[in-house]
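First comes the structure, then the notes that go with it.
The values are calculated or read from the model by the stated rules, or taken from the named source; none is laboratory data. Please read all numbers here as calculations on a predicted model, not as lab measurements. Glycine also receives a Cβ, built like all others from the backbone with ideal geometry; neighbour counts cover every protein chain displayed. For the accessible areas, the whole protein counts, side chains as well, though only heavy atoms, and no ligand, DNA or RNA atoms are used. Shrake-Rupley method; radii C 1.70, N 1.55, O 1.52, S 1.80 Å.
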Amino acid sequence: MILGIVLHTANVYAVGSNWLITDPGKHPVFGVLVSAIHVFRMPTFFWISGYFCALTFERGGSKSLLTKRLPRLAVPLLATWLTFNVLQEIVVAAARGYDIRTAVSDGVPLFHLWFLLDLLIYVSFAALVLPWLSRVAPSSGKSWDIPLPLLLVALSLATMLVSASVRATGVAYVAPFGMTSLYRLAGNMPYFAGGILMYALPDVRKRFLATPILLLLPAIPLALHAIPFEKGSGLVLGEFALLVKVLMTWVCIGALLNGFHTVFFKDSSLTRFLSETSYSIFLFHHLFVVSLGIAFVDFNLTPWIKFLTICTITLIATTSLHTLLVRRIGVLGFAFNGKSHLMQKT
């Protein structure tokens with residue numbers, strides 16, 4: 001979630017970027033950085049979401065899953081969309097010389113909040129499906145000793161099957177009201193489902209979390225080299241390139257989870273703070289990145305200095321908003337975190 005600051009700030013300075021705002025000063029490295037982060041960031045997030053979705057279901061069933069997860073998703077989605085996103089639309093309209101009332105009345109996009117909408121759909125679907133799966137799934141405690149390469153290939157092929165099935169429908173790219181599409185839902189669903197699956201199968205999870213961290217070094221470049229061949233290269237080459245990218249994405253997820261499990265194995269005040277604050281940082285950061293990106297356009301500074309300055313200011317500002325307001329005021333805690341009481345009495 002915090003990596004969103006880096007991703008969206010890099011968009012401002014990436015060569016050939018058609019993001020919401022761009023700066024005349026650009027550098028090719030930022031484009032590579034954006035593409036590299038896209039390879040693993042949201043897939044890993046959806047895997048983690050699926051894992052904790054299964055954990056919540058096991059502890060309290062579908063009712064607990066819906067009552068605990070949906071408010072944590074829906075309330076911050078609406079609150080941020082109606083406040084920060086509206087304010088961002090006003091800032092962008094003013095910077096471009098557009099009529100502010102017209103810009104807002106024409107509709108305020110979800111922007112970075114799209115993943116919350118997709119998660120709402122996934123969690124709601126999981127609440128319907130998981131009770132049935134828990135009844136039909138074998139309960140013999142069977143050991144699943146799957147070699148890691150075979151596991152990664154199987155996960156990649158399953159992901160490809162879901163993608164191909166949805167693309168064959170002919171309506172994959174239809175997005176009602178511009179909200180989401182079957183293509184986007186199908187693209188991230190296997191990672192969400194993978195988190196659920198590996199919560200239910202500890203042997204598989206253990207094998208997956210043993211993905212060597214050093215595999216990140218070849219996985220990301222291989223994924224980046226495959227992306228240009230996905231479209232316009234013919235059916236066979238395009239699908240093979242997509243398979244390579246998906247396989248490398250699964251490698252990245254396993255390696256990253258392995259790395260974080262190694263580094264943050266023990267509970268600490270830092271990990272608790274990051275865990276609690278990261279949601280607010282993600283919800284708030286987009287407005288700050290856009291506003292600061294606009295403000296820095298006329299500054300005679302290198303793109304690297306602008307990039308680092310915007311990232312730093314945004315991280316400090318969003319963390320401060322959470323610590324001083326969201327964490328202390330119950331109504332804000334509920335609006336932007338789905339929880340009314342964030343502070344713990346000591």
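Details
- Additional length obtainable on full extension of the chain from T102 to I146, 0.36 nm per residue less Cα span: 10.1 nm
- Calculated from the alpha-carbon coordinates, the range 33-76 shows an Rg and a Dmax of 13.5, 41 Å respectively.
- GNM flexibility winner over the chain from L152, L20, L120 (Cα, springs under 10 Å): L20
- Debye equation applied to the C-alpha atoms of the range 41-173, log10 I(q)/I(0) at 0.12, 0.18 Å⁻¹: -0.72, -1.17
- Ligands, DNA and RNA excluded, the heavy atoms of T169 present near 80 Å² of accessible surface to a 1.4 Å solvent probe.
- Within the range 234-296, all pairs of alpha-carbon atoms sorted by distance into 10 Å bins from zero give the percentages 16, 22, 27, 27, 7, 0.
- The solvent-accessible area of S278, taken with every protein chain present and a 1.4 Å probe, is close to 20 Å².
- Karplus-derived 3J(HN,Hα) values for the range 305-319, using 6.51 cos²θ - 1.76 cosθ + 1.60 with θ = phi - 60°, are 5, 4, 4, 5, 5, 5, 4, 5, 4, 5, 4, 5, 5, 5, 5 Hz; glycine and proline are entered as x.
- Across the chain, Cα pairs under 8 Å and at least six residues apart give a relative contact order of 27 percent.
- 3J(HN,Hα) along the range 100-115: 5, 4, 5, 4, 6, 5, 6, x, 9, x, 6, 6, 6, 7, 4, 5 Hz, from the Karplus curve 6.51 cos²θ - 1.76 cosθ + 1.60 with θ = phi - 60°, whole Hz, x for Gly and Pro.
- Directionally averaged projected area (the range 131-230, Cα convex hull): 8.9 nm².
- Accessible surface of the range 15-57, 1.4 Å probe, proportion on carbon and sulfur as whole %: 70 percent
- Debye intensity ratio I(q)/I(0), log10, the range 170-315, q values 0.10, 0.13 Å⁻¹ (C-alpha model): -0.59, -0.99
- At R0 = 41 Å, FRET efficiency that the Cβ-Cβ distance of F264 and E230 yields, to 0.05: 0.75
- Rounded to whole Å, sorted largest first: equivalent-ellipsoid semi-axes of the range 71-129, Cα gyration tensor: 30, 9, 8
- Fluctuation leader among H38, H261, H286 - the chain, Gaussian network, Cα springs under 10 angstrom: H261
- Considering only alpha-carbon pairs that sit under 8 angstrom and 6 or more positions apart, the relative contact order computed for the range 176-303 is 22 percent.
- Rounded to the nearest 10 Å², the accessible area of W47 at probe 1.4 Å: 10 Å²
- Values of log10 I(q)/I(0), in the order q = 0.14 Å⁻¹, for the range 104-178 under a Debye, Cα-only, solvent-free model: -0.82
- Accessible surface of the range 264-307, 1.4 Å probe: 67 percent of it comes from carbon and sulfur atoms.
- For the Cα trace of the range 184-268, dividing Rg by the Kirkwood Rh returns an Rg/Rh value of 1.05.
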